[in-house]
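The values are calculated or read from the model by the stated rules, or taken from the named source; none is laboratory data. For clarity, every value in this text was computed on a predicted model and none was experimentally measured. Cβ placement follows ideal geometry from the backbone for every residue including glycine, while neighbour counts extend to all protein chains displayed.
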Amino acid sequence: MNRKAIKLSIPNVGPEEAGKLQECIEKNMVSSGGPLVEEFERLVRDATGARHAVATSAGTTALHAGLHVLGVTPGDLVIMPTLTFIATANAISHCGATPWLLDVSPQSWTLETALLAEVLATACNRNARGEVVHRATGRRVGAIVPVHLLGLPAEMAAICTVAEEWGLPVLADAAAALGSTLSSGDNPANACATQGIGAGRAHLSAISFNANKIVTTGGGGMLVGNDAKLMRRLRHITTTARIRPGYEHDMVGFNYRMTNLQAAVGVAQIAKLDRFLEVKRHIARRYQHAFSNREDLEAFPSAAWGSSNYWLSGVFLRDLGPGQVARIRAQLERANIEAPPFWKPIHLQPPYRDAPRDLTGTAEQVWQQILPLPCSTSLNDAEQDLVIAALQQAT
Ligand SMILES: *Cc1c(COP(=O)(O)O)cnc(C)c1O
């Protein structure tokens, strides 16, 4: 086997990124703060339609800082779906809070809105200060973090309606959702830039530019939102809470800044976003078409309320047990095709063994049957045909 491995989702960088990096080096402009970070923030605002954007060192640090400015404090519970990458839960833990893990919808694999409404109604009270308190643990509920899974947006309009009823802020984990769209409710635009809900309720989205995302900066993140005051506080807290001039700081801040080197790559990358989105859609369509006659190889979910950016492509092996799926993965790996397991639900991870949970069984049922397939924006049709043939043979 000397054909080069077909990877799951790798960065697609070239001369444009090299040119921008060269520019940084020549101008000795490598650190944080500077024109390229500002330019990248502006380009992300343009791409998402959000009024404000604050660049960060990672998606995880964007989530952490976002929760912090939304008022999540130690001891709180923060509601999130159990089916996600562990960073969502870790960001909550970094605030000294604990995830309250809810299950996902069997239709969309995103946070189950009906379950969210139900657990708030049946498991919570309001205390004298009007805060929402989880009766079983006595903890305050600090926020809701829906996740746009695999690029498919969560049901934001409905989730925000529930959040507004309870007065809870919403931070969307839009880590992998750059280019995804919401089609219903008052938010016809970009899934990363949903408007503030209700009477100016705080609402933010966190994006990641990790290497496997559609647009990468090597590592990096961005918070986007429409509330100017909140976004100013975010900028302050992510940049050591320094009051210029001089080394004076008015609170415990974070050093979560993006550097110009990262932003340089981002500026070159985001110019290719539309083309990357087109390629991702093309790849998803070709897999769907190739397996359209196979009832056992289903497409990833779609939803009435929005469209995926098709960040990750693959198939869903509904009727197979873990052993059979592992055998298929192994056969693809032998053909030099990367086919890793999907994210293990958070409630099954040792650090979150004791986190409160309300589960219906969906995440636990589906996660092992999700088979991500190679979908890099550099993947060509011939390579994809090899993947398709290998999977046909393995199933
Ligand atoms: C990638 C990702 C993150 C983390 O982003 P980093 O930039 O790697 O810190 C968080 N949540 C989800 C859903 C992701 O896909």
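A few notes on this one:
Residue-by-condition table, conditions (1) hydroxyl-bearing (Ser, Thr, Tyr); (2) closer than 15 Å to Gly220 by Cα:
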position: Ser32; (1), (2): yes, yes
position: Ala50; (1), (2): no, no
position: Val54; (1), (2): no, yes
position: Ala62; (1), (2): no, yes
position: Leu101; (1), (2): no, no
position: Gln107; (1), (2): no, no
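- A single entry from His289, His282, His347 fulfils the requirement of being part of a helix (DSSP H, G or I), free of Cβ contacts under 8 Å to residues at least 12 places away in the same chain and touching a helix residue (DSSP H, G or I) at 6+ places or on another chain (Cβ under 9 Å): His282.
- Out of Gln368, Gln384, sole residue that is of a type outside the set (Phe, Trp, Tyr), in contact with a helix residue (DSSP H, G or I) (Cβ under 7 Å, 6 or more places away or on another chain) and under 17 Å from Asp319 (Cα atoms): Gln368
- Within segment 247-277, if we keep just the residues that are among the hydroxyl-bearing types (Ser, Thr, Tyr) and assigned to a loop (DSSP other than H, G, I, E, B), the residue that is nearest to Val215 (Cα to Cα) turns out to be Tyr256.
- Counted residues, segment 326-344 - those being touching a residue at least 24 places away in the same chain (Cβ under 8 Å) and either assigned to a loop (DSSP other than H, G, I, E, B) or touching a strand residue (DSSP E or B) at 6+ places or on another chain (Cβ under 6 Å) (or both): 9
- Test for Ser313: is it crowded, with 19+ Cβ neighbours inside 10 Å, more than 25 Å from Leu111 (Cβ to Cβ) and among the hydroxyl-bearing types (Ser, Thr, Tyr): no
- The one condition in (1) on the phi < 0 side of the Ramachandran plot; (2) at pLDDT below 95; (3) part of a loop (DSSP other than H, G, I, E, B) that Gly323 fails to fulfil: (3)
- Top-ranked residue of segment 24-61 - restricted to ones that are among the polar types (S, T, N, Q) and in contact with a strand residue (DSSP E or B) (Cβ under 8 Å, 6 or more places away or on another chain), ranked as farthest from the ligand (Cβ to nearest atom): Ser31
- Enumeration of residues in segment 238-263 that are surrounded by 13 or more Cβ atoms within 10 Å (Cβ to Cβ) and within 29 Å of Glu17 (Cα to Cα): Thr238, Thr239, Thr240, Phe254, Tyr256, Arg257, Met258, Thr259, Asn260, Leu261, Gln262, Ala263
- Unmet requirement for Ala211, which otherwise passes all of (1) touching a Ser or Thr at 6+ places or on another chain (Cβ under 6 Å); (2) among the small types (Gly, Ala, Ser); (3) over 16 Å from His68 (Cβ atoms): (1)
- Every residue from segment 201-240 that is within 16 Å of the ligand (Cβ to nearest atom), in contact with a helix residue (DSSP H, G or I) (Cβ under 7 Å, 6 or more places away or on another chain) and either part of a strand (DSSP E or B) or without any contact (Cβ under 8 Å) to a residue 24 or more places away in the chain (or both): Leu204, Ala206, Ile207, Ser208, Gly221, Met222, Leu223, Val224
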